[in-house]
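Asker: Once you've had a glance at the structure underneath, I'll fire off some questions.
The values are calculated or read from the model by the stated rules, or taken from the named source; none is laboratory data. Everything numeric in this text was worked out from a predicted model, so none of it was measured. Neighbour counts run over all protein chains shown; Cβ positions are idealised from the backbone, glycine included.
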Amino acid sequence: MVALVRGVHGLNGAVRAEVLTDRPQERFVVGGVLFREGDTRPLTIAAAEEIVDGPGWRLRFREVTTRDGADTLRGAYLESVVVPDQDLARGSYYWHEVIGCAVRGADGTDLGTVRDIYRIGETEVFTVDGSPFGSFDLPVVRAFIRVFAPRRGEIVVDAESLDLRPRRSRASDPDRPKAPRRRTRHAREGAGVAAAAEAAAPESAEPEPAAPAAPEPAAPAAPAEPPSPDAVA
């Protein structure tokens, strides 16, 4: 990969590219051919110039003549056909040769695999993942790297200098106290209501006197019987 398209420029199909090669003057020449990553259709350079007031280069291709066409290249990596043994100096490698390489410590400990590469200023940084140490960044400097041989799949680093530590597992610490169980909102509101009701109730209450019972109506008296005619006055 020699460039990453960051944006478009103007209306005639030009793009602004981040440089990913150490030799842009050789890669971005008029008549040179680049390819979008994963695409075999050529992009022939019609114009190329370094951006004076900012980083990167401005490129225009014969096959792309409109702003809409250039916009389809936004975010795309651009590649160039290279011959590693002829185009690179001894000890230099392309990114695609490094990605996928195993990384080990000086004692042979497996530290993972190079998953990605990015730059901070002039320093390249490898993203390594796939081991008990988790994901970590590996700056490509002599202080950390002891053996660098991507073509035979070997990168050896000083793990102590990187201060790598295995990821902790919760299951590996049986003495770790358990977190308190989280109460749901419904339970919290219910408890609050119950507490409020309990607080509102008096500590002791005397029973209210019962209302007096209403008297039952008396039964009517039976009528007196008339005197018998046989009775003697």
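Asker: Mind checking which helices (runs of 4 or more DSSP H) fall wholly inside region 1-91 and carry at least 3 residues that are closer than 22 Å to Glu122 by Cα?
Answerer: The helices (runs of 4 or more DSSP H) meeting that bar are 24-27.
Asker: Does region 127-151 hold any residues that are polar (S, T, N, Q) and exposed (fewer than 15 other Cβ atoms within 10 Å of the Cβ), and which are they?
Answerer: Ser135
Asker: Now, a different point. Considering only region 118-126, I want to know if a residue exists there that is modelled with pLDDT of 80 or more, farther than 30 Å from Gln25 by Cβ and surrounded by fewer than 10 Cβ atoms within 10 Å (Cβ to Cβ).
Answerer: Looking for residues that are modelled with pLDDT of 80 or more, farther than 30 Å from Gln25 by Cβ and surrounded by fewer than 10 Cβ atoms within 10 Å (Cβ to Cβ), one finds none in region 118-126, hence no.
Each row is one residue, and each column tells you yes or no for (1) surrounded by 14 or more Cβ atoms within 10 Å (Cβ to Cβ); (2) in the same structural domain as Val156 (by TED's automatic domain parsing); (3) small (Gly, Ala, Ser); (4) in contact (Cβ under 8 Å) with a residue 60 or more places away in the chain.
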{"residue": "Thr21", "(1), (2), (3), (4)": "yes, no, no, no"}
{"residue": "Glu26", "(1), (2), (3), (4)": "no, no, no, no"}
{"residue": "Val29", "(1), (2), (3), (4)": "no, no, no, no"}
{"residue": "Glu37", "(1), (2), (3), (4)": "no, no, no, no"}
{"residue": "Arg74", "(1), (2), (3), (4)": "no, no, no, yes"}
{"residue": "Arg90", "(1), (2), (3), (4)": "no, no, no, no"}
{"residue": "Thr113", "(1), (2), (3), (4)": "yes, yes, no, no"}
